[in-house]
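As structure tokens, the structure follows; a few thoughts come after it.
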Amino acid sequence: MEPIDKEEGRMSHILNLIRPYVMIAPAMIGIGLFVFYPLVYLFYISLFDFNLMNRLKSEFIGFQNYAEILAREDFYDVLKNTLVYTIGVVLFTIIISLFVAFWLKKQSKLNFIVQAGIFTPHVISIVSISLVWMWLMEPNHGLLNFVLNSLNLPTSQWLQSSSSSMLSIIIVSVWGNIGYYALIIVAAIQGIPGSLYEAAQLDNASRWSILRRITVPMISPQLFFILVTMTIGSFKVFDTVRIMTAGGPNNSTNTIVYYIYSFRTTNIGYASAIGILLVIIIGILTIIYFKILAKKVHYQ
């Protein structure tokens, strides 16, 4: 009987060793197929003067596409536009979402109705949202200029002027994001133990002190999540720009992904190289976020 027991023990040990790998294998296969393989293939294509009609006529040119990108002035213009868009959207969305979340933190019927209302833009197609805002921002017959005129305030050309087009895109994106991120913050605030606030009140802590020392630290994991995901998402903005301005006027709203899109048929190797640079930029920003801010996040 002893040899049989040893054999069963050995099999049980082997099963325990391989079980975790078997459990995560489906997810890892999916990540490999749909994340790593496309990324590696994107880098491979970026090293070629790629011929879409006949792949055999593609010519290996090494890092020449990268050298051309870094030498072109328009790349830095779209990079600047993307940075302006990202800073504007991330900053305004987080600030306004915080205000909305503090307003809606109490559980009441009215707040539930308002929460459902502000979440609605998140489930509506960005195409529909963009078309509605294009009508609202129409300089001659749009509702926004009508309201500004009624209040004797200066009107704007909104999407039709280089000076206001990026701000207009940012307004639309912020409006679409606020509901989703406000609800995340509301859930985080409602999860803070009431005993912390009771202890602060016993110590006669001011509202500002409670906000700075209790509320913000307790919701810092959610704020950090929002900061990272919004930065990544904003760098990849495409649909709003494509529908509302097509990168114009005068390339004032041309962002990196829309810039890549413009080379989709003429130079796929060049477009792939820009895609790799975008991955590198997002990766560097994410690392900076984690290096600087991750230690300040309060995980319970």
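Among the residues making up the stretch 46-93, those that are open to solvent by 100 Å² or more (accessible area, probe 1.4 Å), at pLDDT 90 or above and in a helix (DSSP H, G or I) are Glu73, Tyr76, Lys80, Ile87, Phe92. When Ile45, Ile87, Ile96 are screened for being more than 21 Å from Arg264 (Cβ to Cβ) and touching a helix residue (DSSP H, G or I) at 6+ places or on another chain (Cβ under 6 Å), only Ile96 passes. Taking the stretch 246-257 as the range and being open to solvent by 30 Å² or more (accessible area, probe 1.4 Å) and over 14 Å from Thr86 (Cα atoms) as the test, the residues that pass are Ala246, Pro249, Asn250, Asn251.
The requirement of being hydroxyl-bearing (Ser, Thr, Tyr), open to solvent by less than 20 Å² (accessible area, probe 1.4 Å) and either in contact with a helix residue (DSSP H, G or I) (Cβ under 7 Å, 6 or more places away or on another chain) or over 30 Å from Pro193 (Cβ atoms) (or both) is not satisfied by Thr286.
Looking across the stretch 136-159 at every residue that is within 26 Å of His122 (Cα to Cα) and open to solvent by 30 Å² or more (accessible area, probe 1.4 Å), the one that is farthest from the chain's Cα centre (by Cα) is identified as Val147.
Pairing each residue of the stretch 41-64 that is in contact (Cβ under 8 Å) with a residue 24 or more places away in the chain with any residue that is part of a strand (DSSP E or B), provided the two are 6+ apart or on different chains, yields C-beta distances under 7 Å for Leu47/Phe60; Phe48/Glu59; Phe48/Phe60; Asp49/Glu59; Ser58/Phe48; Ser58/Asp49; Ile61/Phe48; Ile61/Asp49. Within the stretch 273-281, not a single residue is part of a helix (DSSP H, G or I), in contact with a Lys or Arg (Cβ under 6 Å, 6 or more places away or on another chain) and modelled with pLDDT of 90 or more.
The set of residues in the stretch 94-117 that are buried (at least 16 other Cβ atoms within 10 Å of the Cβ) and outside any helix (DSSP H, G or I) contains only Lys105.
The values are calculated or read from the model by the stated rules, or taken from the named source; none is laboratory data. Since the model is a prediction, treat every value here as computed from it, not as a measurement. When we count neighbours, we look across all protein chains shown, and the Cβ atoms used for this are built from the backbone with ideal geometry, even at glycine. Remember, those area values only see protein heavy atoms, side chains included, never the ligands or the DNA or RNA. Shrake-Rupley method; radii C 1.70, N 1.55, O 1.52, S 1.80 Å.
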